[in-house]
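The values are calculated or read from the model by the stated rules, or taken from the named source; none is laboratory data. No experiment lies behind these values; they were computed from the predicted model shown. Counting neighbours? That spans all protein chains shown, and the Cβs are built from the backbone with ideal geometry, glycine included.
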Amino acid sequence: MTTTRVNVAAWIRSEHEKVDRLTVRLHEAIAFVPRVVPRTWLAELRERFEHFRAHMHQHMALEEHNEYMADVLERLPTLANKVERLRREHRSLARLLDDLHRTLAEIDPQDQLLVVDCCHRIDTILGYVAHHEDDENDLVEFAFTDDIGTKD
């Protein structure tokens, strides 16, 4: 990224806030799975998941396009392995999101076990995304926060 480190941190924070809002909507959808799943409930779940999936694809593509963590690596090249791990997680997350998207599109409301399984998978993916974002935030914070007392 060619922006300043403050802008990088602000951009990441802003993007993660958007993901948080979409995550809350998905958590609300899967908090209670009806015993008899109405088509409208399943349609709403699909829509919320698609919004989340589309945003995550866009979010990860923007990070990759903007030379993912370039400012971090410029400041601390020793973090290259951690940055590469996060980059690889983008590909894994994209596959998980796409696989679940296909499954959600194929299931019928009467497939109660599959509906419940999809809800569990959504919850798991949301956990992966939260952990990934925490790692990104921690890496940026570590790279751009001077240790107390070392700059006196």
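Is it the case that segment 20-42 has a residue that's under 21 Å from residue 139 (Cβ atoms), assigned to a helix (DSSP H, G or I) and modelled with pLDDT of 90 or more? Yes, segment 20-42 has at least one match. Number of residues in segment 46-94 that are at positive phi and crowded, with 16+ Cβ neighbours inside 10 Å: the value is 1. Within segment 55-111, the set of residues being under 16 Å from the mean Cα position of the chain (by Cα), of a type outside the set (S, T, N, Q) and under 28 Å from residue 40 (Cβ atoms) comprises 55, 56, 57, 96, 97, 98, 99, 100, 101.
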